[in-house]
Amino acid sequence: MIAVLIVDMQNAFFEDPALRGQRDGLTTACNAILAAVANANAKALLVKTEHERDKSTWTLNMLDDDQGFIFRGSEQADFVPGLETEGVPHLLKTRDSAFFGTDLLLRLRNWDVDTVVLAGVSTHNCVAQTGADAFANNFRVIYASDATGSEDTEAAHAIQDILCKEYRQRILTVTQIQKLLGDPSVGPNADN
């Protein structure tokens, strides 16, 4: 079974000018994957980062800088406009990896998942850390090349190169992922 994790498609991350220009394309690509999940009766989670104002959930660098980020209930914490969220369960995290301090492993095991597809932002940070932890928990990982974005493309390429070589993780296009999920709406001649 394959599960799709859409990571941190939230307003706060697209405040960065380097990601702002990618928002609409990434949203469209993530929506295409979510539609494939629905058409194939597969599983998906919308993963989002949220912190408490009382500093109890802040990361070390947030504490060092005495500056919080993405507070629960704020507009920053909301999913980006246009992302199809209806009917898709959410997973809250406070660290880069979606596995750390969450029930993600339990959910994936309950669904009998063996492969995780990752999309969202940022490729070199939260997406990559989730991919590394997925490998540590014996899941195969696929990155959606046209549904992941980063404000640092050099770092994104470097970390994906390492993860793909060392952990045998794959990078596929949205169309290839749609076909892999068995989405009947994707024709046989679409993007091989």
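How high is the relative contact order of the stretch 2-180? Use alpha-carbon pairs under 8 Å, at least six apart in sequence, and give a whole percent.
This gives 27 percent for the stretch 2-180.
Among Phe14, Phe135, what is the fewest-to-most ranking by other Cβ atoms within 10 Å?
Numbers: Phe14 24, Phe135 17.
By the 10 Å Cβ count, ascending: Phe135, Phe14.
Can you list the residues of the stretch 142-166 with backbone N under 15 Å from a point 7 Å past the Cα of Asn61, pointing along Cα to Cβ?
From the stretch 142-166, the list is 150-153, 155-156.
Please give the contour-minus-distance gain from Ala38 to Asp54: 0.36 nm per residue of separation, less the Cα-Cα distance, rounded to one decimal in nm.
2.0 nm
Once the other residues with Cβ under 13 Å from the Cβ of Asp103 are scored (Lys, Arg +1; Asp, Glu -1), what is the net sum?
+3
Can you sort Arg170, Arg109 from fewest to most other Cβ atoms within 10 Å of each residue's own Cβ?
Result, fewest neighbours first: Arg109, Arg170.
Could you work out how much longer the chain between Ala155 and Arg170 gets when fully extended? Use 0.36 nm per residue separation minus the Cα distance between them, nm to one decimal. Write down the numbers at each step before the final one.
On the way: separation 15, 0.36 × 15 = 5.40 nm, distance 1.72 nm.
Length difference between fully extended and current span is 3.7 nm.
A short reminder: the numbers here are calculations on the coordinates, not readings from a lab. This one's a predicted model, so the numbers in the text were calculated from it and none came from an experiment. We place every Cβ from the backbone using ideal geometry, glycine too, and count neighbours over all the protein chains shown.
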